[in-house]
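These notes are about the structure you will find just below.
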Amino acid sequence: MISGNKLPWRTAAECIDCSLPCPSIFASSAEIWAEHQLRAVRPLADATMARVARGMKRYVLEAERPFMSI
């Protein structure tokens with residue numbers, strides 16, 4: 001039996017390092033370089049933009065309690 005031998009799940013908050021720079025997905029390559037000195041590929045791939053749009057629709061526009069971080 002495997003139960004009892006597995007480690008407990010870690011939360012996302014334990015794994016995410018908030019001290020790392022995190023440029024907006026909507027910022028241009030030039031804006032990201034100017035603010036963070038990081039190279040970024042822009043525009044984002046079509047599949048990535050489609051995932052962003054689906055997430056916005058699901059979690060912001062159509063959600064009973066929309067998630068928005070300001």
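Figures for the structure shown
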{"quantity": "Neighbours by Cβ (under 9 Å, 6+ apart or cross-chain): first from region 7-31, surrounded by fewer than 10 Cβ atoms within 10 Å (Cβ to Cβ); second assigned to a loop (DSSP other than H, G, I, E, B) and not hydroxyl-bearing (Ser, Thr, Tyr)", "calculated": "Pro21/Gln37; Pro21/Leu38"}
{"quantity": "Test: residue in region 19-30 that is assigned to a loop (DSSP other than H, G, I, E, B), in contact with an Asp or Glu (Cβ under 9 Å, 6 or more places away or on another chain) and of a type in the set (S, T, N, Q)", "calculated": "yes"}
{"quantity": "Residue in region 39-51 that is in a loop (DSSP other than H, G, I, E, B) and among the polar types (S, T, N, Q) present", "calculated": "no"}
{"quantity": "Residues satisfying the stated conditions in region 44-68, i.e. within 15 Å of Phe26 (Cα to Cα) and in contact with a helix residue (DSSP H, G or I) (Cβ under 9 Å, 6 or more places away or on another chain)", "calculated": "Leu44"}
{"quantity": "Inter-residue pairs, beta-carbon under 9 Å, first in contact (Cβ under 8 Å) with a residue 60 or more places away in the chain and in region 44-64, second among the aromatic types (Phe, Trp, Tyr) and in a helix (DSSP H, G or I), 6+ apart", "calculated": "none"}
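Only the coordinates and a few stated rules stand behind these numbers; no lab work does. Note that the structure is a prediction, hence the values are computed from the model and not measured. Positions of Cβ are backbone-derived with ideal geometry, glycine not excepted, and every protein chain shown enters the neighbour counts.
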